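Okay, structure first, notes after.
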Amino acid sequence: MKKRIISISIISSLLIISIVGIIFIVTYSNNKKINEGYHTIIESKSYVYEEGRRMSFTVYSDTYNTLIRNTKNNSYILKMGSLSYELENVEVERYKLDKSNLIKIYADIPYSSKTISSDSARLQIITSKFTLDLKIGTLSILNPSEYELLGVDRLYGSYSIIDGLKILVGINIKLSKSYTKMNDFKVGEYTYGNLRQSFESNNLPNEININDYISNYNPYRVERSEGIDVSNYTYFIPLNYITLGVIRHSYITINLDDKDYYIDDFSFMTNEFDYDEYKDKMKDGEFI
């Protein structure tokens, strides 16, 4: 009887040790530090929806062999305020840089029956080991059903360095038809043309010091003003931001003679960001 009690005691002790060991392993696995880092640059991204069109996200990774490229097993969730979209047909490309790794994520633009936007968009990537939350910046997707496509003879941007970032400070535009009045001008949903400070232009350079042209320029001073005469064809329209971010490409919406138009997605900047130049401005991804 005594031996039986001792055997039961030993078994119980081993069972307790096993349970404690399992709990420790699980706890350690769940709380161990993830030795990977991901970084993004805050952008102002805007797209016109059309079936089959793609959107892209730029991520800088400390790890080349990263789990976020496993498109077969991962889920990629676009968060826009209260709206969530699981992205479809995701492709991931990666490139080695001198001091980092460039990750490009491509996906179909999600459909919405109306224009949607967020001033704090995020991309969540759910992998087998972690969920990564990345700050994107502002994001707008235009449903063009209420607009007419506008053709222009010339369109390009002028950039200035503001707060250490290359910021789109104005649009150079040459209209292809004659209009009387421009009442509104927006790049995406969070960047407004300052019509009061716009002027007829003979094509400003791509890179400028905006203060050489507008001495009191303030990127944050969004103001709505009365429409301007556009009897001429070529104008420089300075931009003001509700939320400051780098604009690489975008659509534009314009009201001309009380009619709403849009200019389709246009690439203002085609080169990738220089990692050394922007690394101190990047936002770190969070593991949740």
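Residue pairs whose Cβ atoms lie under 9 Å apart, sitting 6 or more positions apart in sequence or on different chains, and linking a residue in the range 93-111 that is under 17 Å from Lys72 (Cα atoms) and in contact (Cβ under 8 Å) with a residue 24 or more places away in the chain to a partner that is of a type in the set (Asp, Glu) and part of a strand (DSSP E or B), are Ile103/Glu93; Lys104/Glu91; Lys104/Glu93; Ile105/Glu91; Ile105/Glu93; Tyr106/Glu91; Tyr106/Glu93; Ala107/Glu91. For the range 130-156, filtering for residues that are in contact with a Ser or Thr (Cβ under 9 Å, 6 or more places away or on another chain), touching a residue at least 60 places away in the same chain (Cβ under 8 Å) and farther than 16 Å from Ser84 by Cβ leaves 12.
Give me the residue from the range 239-288 that is out of contact with any strand residue (DSSP E or B) (no Cβ under 8 Å at 6 or more places or on another chain) and in a loop (DSSP other than H, G, I, E, B) and, out of that set, most open to solvent (accessible area, probe 1.4 Å). Only one residue tops the list, namely Thr270.
In the set (1) over 24 Å from Tyr213 (Cβ atoms); (2) out of contact with any His (no Cβ under 8 Å at 6 or more places or on another chain); (3) part of a strand (DSSP E or B), the condition left unmet by Phe236 is number (1). Taken together, the criteria place Tyr235 among residues that are surrounded by 19 or more Cβ atoms within 10 Å (Cβ to Cβ), more than 19 Å from the chain's Cα centre (by Cα) and more than 20 Å from Lys45 (Cα to Cα). Residues of the range 202-226 that are farther than 25 Å from Ile161 by Cβ and modelled with pLDDT of 90 or more: none at all. Of all the listed residues (Ile77, Ile68, Ile105), the sole one being under 20 Å from the mean Cα position of the chain (by Cα), crowded, with 18+ Cβ neighbours inside 10 Å and closer than 18 Å to Lys45 by Cα is Ile105.
The values are calculated or read from the model by the stated rules, or taken from the named source; none is laboratory data. No experiment lies behind these values; they were computed from the predicted model shown. Neighbour counts are summed over all protein chains in view; Cβ atoms, including those assigned to glycine, are modelled from backbone coordinates with ideal geometry. With ligands, DNA and RNA removed, areas are computed over all heavy atoms of the protein, side chains included. Shrake-Rupley method; radii C 1.70, N 1.55, O 1.52, S 1.80 Å.
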